[in-house]
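I have placed the structure first, in the form of structure tokens, so that the comments after it can refer back to it.
The values are calculated or read from the model by the stated rules, or taken from the named source; none is laboratory data. All values derive from a computational prediction rather than experimental measurement. Ideal geometry is used to build each Cβ from the backbone, glycine not excepted, and the neighbour counts take in all protein chains shown. Accessible surface is based on the protein model in full, side chains and every heavy atom, while ligands, DNA and RNA are left aside. Shrake-Rupley method; radii C 1.70, N 1.55, O 1.52, S 1.80 Å.
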Amino acid sequence: MKKDNLRTQMTPESSIPRSELRVPRSKVLVVDDEKSIRLSVQAFLRDAAYDVDVAEDALSARALLAERNYDVVVSDIVLPGASGVTLLQAIREASPDVQVIMMTGEPTVETASEAVRAGASDYLAKPVTKSAILTTVFRAAETKRVWDENRRLQAENRRYQESLEQMVAQRTTELSEALEGMIRAMSVTVETRDPYTAGHEQRVAELARAIGDEMGCPEETVRGTYYAGLVHDVGKISVPAEILSSPARLCEEEMGLIRKHPETGARILGSVHFPWPLAEIVLQHHERQDGSGYPLGLSGDAIRMEARILAVADVVEAMASHRPYRPALGIEAALAEVVEKRATLYDATVVDACVRLFGEKGFSLDDAPTTAGGA
């Protein structure tokens, strides 16, 4: 196509509302192989405070696009070498937000459709007027500015959300550590009153956690079971130390005091808001599947799963370990006890998981820490 018949029509500046037709310092690239056109368009835009570069073909334009970030590209469709549409497609792949305005000296429905399909944001027919250039570039630059601002706000919002999440996570960790410290302190307090059973709560907690993991319980369920294990006997703080360490068989009155420890423990734990239902778990850890347990006589699914796990862990550890009134019975006797009373006193699924731990997974009570310091 010959271009010598193309002309640039000038429009008096007084008729152009300049304050409305500029986005100051927006970067514009003008691509046209006719020098007079690209320099005229460049002059129009520079007068309106745009930062403008020019290129005579697609190859030169792509070199400039690789060096600078442009907001708007104004390109002729017909260029030597690669066409303006090819350039447009390359721009869309590399910088989807850049606004591309296509110009042509042969305006037809077909050329306009081709430009739009390729991703042009606007379309101008030659000869172009100063007013048309300024208006069209202004719209494109404003669109790019809005997109850039939206992207900036989205990035800022993401940073804020990430910062907020970090703050919440940090605060949650701090609160969790404080609560865990309180739980361990309670456990140590109980065990220092009864040196004969030192480490019992920690070993029960470790076994309960392992059983919960073996059963595939949710992480928070396992965590709650572990911490309930650490303080399951906290209610014994109200029982006289001489009863706890008595080598003789306890009388009915003394056993009555012992049997109150789940309720006492639940009252103590219920005064603190924990992320886990520790008070309820501790209250139920002596309940049994057939309803023969205490203090509420609950049965079956009315007993929390955490408490059912804790019940098995408590019995196994107690039987396997030394007590003031008897020597240790050993882990085989302890496992035989829960297997014998599987599904009557103890939850069958819990018993099976416990047996697998010792028989197949190599779990040992001797590996559990002897203090409440482990998490």
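Looking only at region 325-358, which residues are open to solvent by less than 30 Å² (accessible area, probe 1.4 Å) and farther than 22 Å from Thr225 by Cα? Scanning region 325-358 gives a single hit, Gly330. Of all the numbered requirements in (1) under 21 Å from Lys236 (Cα atoms); (2) surrounded by fewer than 20 Cβ atoms within 10 Å (Cβ to Cβ), Lys361 misses one, and that requirement is (1).
Of the residues making up region 238-247, those that are free of Cβ contacts under 8 Å to residues at least 60 places away in the same chain and assigned to a loop (DSSP other than H, G, I, E, B) number 2.
Residues checked against (1) in contact with a Ser or Thr (Cβ under 8 Å, 6 or more places away or on another chain); (2) open to solvent by 50 Å² or more (accessible area, probe 1.4 Å):
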{"position": "Asp51", "(1), (2)": "yes, no"}
{"position": "Ala58", "(1), (2)": "yes, no"}
{"position": "Ile77", "(1), (2)": "yes, no"}
{"position": "Pro80", "(1), (2)": "no, yes"}
{"position": "Gly84", "(1), (2)": "yes, no"}
{"position": "Val100", "(1), (2)": "yes, no"}
{"position": "Leu134", "(1), (2)": "no, no"}
{"position": "Glu149", "(1), (2)": "no, yes"}
{"position": "Ala155", "(1), (2)": "no, no"}
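Go through the residues of region 332-348 one by one and say whether even a single one is within 38 Å of the chain's Cα centre (by Cα) and not hydrophobic (A, V, I, L, M, F, W, C). Among the residues of region 332-348, at least one is within 38 Å of the chain's Cα centre (by Cα) and not hydrophobic (A, V, I, L, M, F, W, C), which makes the answer yes. Within the set Glu162, Glu149, Glu177, the sole residue that is among the acidic types (Asp, Glu), under 30 Å from Val28 (Cα atoms) and without any contact (Cβ under 8 Å) to a residue 12 or more places away in the chain turns out to be Glu149.
Scanning region 174-185 for residues that are open to solvent by 30 Å² or more (accessible area, probe 1.4 Å) and modelled with pLDDT of 80 or more yields Glu174, Glu177, Gly181, Met182, Ala185.
Residue-by-condition table, conditions (1) over 25 Å from Ala328 (Cβ atoms); (2) touching a residue at least 24 places away in the same chain (Cβ under 8 Å); (3) open to solvent by 30 Å² or more (accessible area, probe 1.4 Å); (4) within 35 Å of the chain's Cα centre (by Cα):
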{"site": "Val168", "(1), (2), (3), (4)": "yes, no, yes, yes"}
{"site": "Arg171", "(1), (2), (3), (4)": "yes, no, yes, yes"}
{"site": "Gly216", "(1), (2), (3), (4)": "yes, no, yes, yes"}
{"site": "Tyr227", "(1), (2), (3), (4)": "yes, yes, no, yes"}
{"site": "His232", "(1), (2), (3), (4)": "no, yes, no, yes"}
{"site": "Arg249", "(1), (2), (3), (4)": "no, yes, yes, no"}
{"site": "His261", "(1), (2), (3), (4)": "no, yes, no, no"}
{"site": "Val272", "(1), (2), (3), (4)": "yes, yes, yes, yes"}
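The residue pairs whose first member lies in region 276-302 and is modelled with pLDDT of 95 or more and surrounded by 14 or more Cβ atoms within 10 Å (Cβ to Cβ), whose second member is acidic (Asp, Glu) and assigned to a helix (DSSP H, G or I), and whose beta carbons are closer than 6 Å, counting only pairs six or more residues apart or on different chains, are Ile281/Glu306; Pro295/Glu263. Of the helices (runs of 4 or more DSSP H) lying entirely inside region 265-375, the ones with 3 or more residues being over 18 Å from Glu220 (Cα atoms) are found at 305-320, 331-340, 348-359.
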